[in-house]
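Note sheet for the following structure.
The values are calculated or read from the model by the stated rules, or taken from the named source; none is laboratory data. None of the values given here were measured: they were computed from a predicted structure. A quick note on method: Cβ atoms are made from the backbone with ideal geometry, for glycine too, and the neighbour counts reach across all protein chains shown.
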Amino acid sequence: MKSKPVRQSQTTITELMIPSYANFGGKIHGGIILSLMDKVAYAAASKHAGTYCVTVSVDRVDFLQPVEVGELVSLHASVNYVGRSSMIIGIRVEALNVKTSIVKHTNSSYFTMVAKDEDDKPTEVPALILQSEEEVKRFIESMRMKEIRSKVKEEMDDAKSNIEVARASEVLKNERCVIAY
Ligand SMILES: CC(C)(COP(=O)(O)OP(=O)(O)OC[C@H]1O[C@@H](n2cnc3c(N)ncnc32)[C@H](O)[C@@H]1OP(=O)(O)O)[C@@H](O)C(=O)NCCC(=O)NCCS
């Protein structure tokens, strides 16, 4: 299988934020941005894999600044890391106010996508050709984040399975809740 450079699958989607995307506060719904992020992640992953791909995991998404109606939102996606069938896609979202030319960085995230074969089974993807220090840095960063995520998952599973409800009144004494049963 031929390796592919990062730039071959780099993808940018730009979309105008129309009024129907807004919430009751007049700002763009977070869900609209998440949906666009999923699309751009899919585009980059499937270009790299050369197959159909699925979203397996979405990293933490923090909305740093609101997006306004009328802004042009651009989502830049790059394959940062590949495993056997999985790919970590880095996404950066920016909103351009066309009148002022001000560009806001609204959020960034990492989506894990898996390549699927004709039988819907995970299938191997091409290795990634890293052509700059930045691309090497991103690959290593993703490897480390993957390790941290799996440790955090173990700790979360452990934390969830070891909740002593009998000690709730003590554990929750400084929290803003009332036990009412
Ligand atoms: C994710 C999925 C492909 C895993 O299938 P599986 O038979 O368990 O396959 P594997 O265990 O071989 O995992 C395949 C790859 O996914 C990765 N993976 C699986 N679960 C993961 C998770 N929660 N987070 C990150 N990576 C994950 C594995 O590490 C492996 O990567 P690698 O091939 O690079 O080493 C399967 O569960 C699936 O199809 N889920 C539904 C995805 C979907 O429909 N998404 C759209 C939601 S609407």
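A few notes on this one:
- Leading residue by the ranking (nearest to the chain's Cα centre (by Cα)) among those in region 30-66 that are under 13 Å from THR12 (Cα atoms) and more than 12 Å from the ligand (Cβ to nearest atom): MET37
- Looking across region 67-90 at every residue that is aliphatic (A, V, I, L, M) and closer than 19 Å to ILE148 by Cβ, the one that is farthest from the ligand (Cβ to nearest atom) is identified as ILE89.
- For ALA95, the stated conditions do not hold, so it cannot be described as surrounded by 17 or more Cβ atoms within 10 Å (Cβ to Cβ), within 12 Å of the ligand (Cβ to nearest atom) and small (Gly, Ala, Ser).
- Residue in region 35-46 that is touching a strand residue (DSSP E or B) at 6+ places or on another chain (Cβ under 7 Å), within 28 Å of PHE139 (Cα to Cα) and either among the acidic types (Asp, Glu) or assigned to a strand (DSSP E or B) (or both) present: yes
- Within region 16-28, considering residues that are surrounded by 16 or more Cβ atoms within 10 Å (Cβ to Cβ) and not small (Gly, Ala, Ser), the one farthest from the ligand (Cβ to nearest atom): LYS27
- Strands (runs of 3 or more DSSP E) enclosed by region 64-170 - at least 3 residues per element that are touching a residue at least 12 places away in the same chain (Cβ under 8 Å) and in contact with a Cys (Cβ under 7 Å, 6 or more places away or on another chain): 102-116
- Test: residue in region 76-86 that is in contact with a Pro (Cβ under 6 Å, 6 or more places away or on another chain) and modelled with pLDDT of 95 or more: yes
The rows are residues; the columns are (1) within 13 Å of the ligand (Cβ to nearest atom); (2) in contact with a Lys or Arg (Cβ under 6 Å, 6 or more places away or on another chain); (3) modelled with pLDDT of 95 or more.
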residue: VAL125; (1), (2), (3): yes, no, yes
residue: GLU133; (1), (2), (3): no, no, yes
residue: GLU141; (1), (2), (3): no, no, yes
residue: ARG149; (1), (2), (3): yes, no, no
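- Candidate set: region 59-85, residues that are buried (at least 16 other Cβ atoms within 10 Å of the Cβ) and hydrophobic (A, V, I, L, M, F, W, C); chosen: the one farthest from HIS29 (Cα to Cα): VAL82
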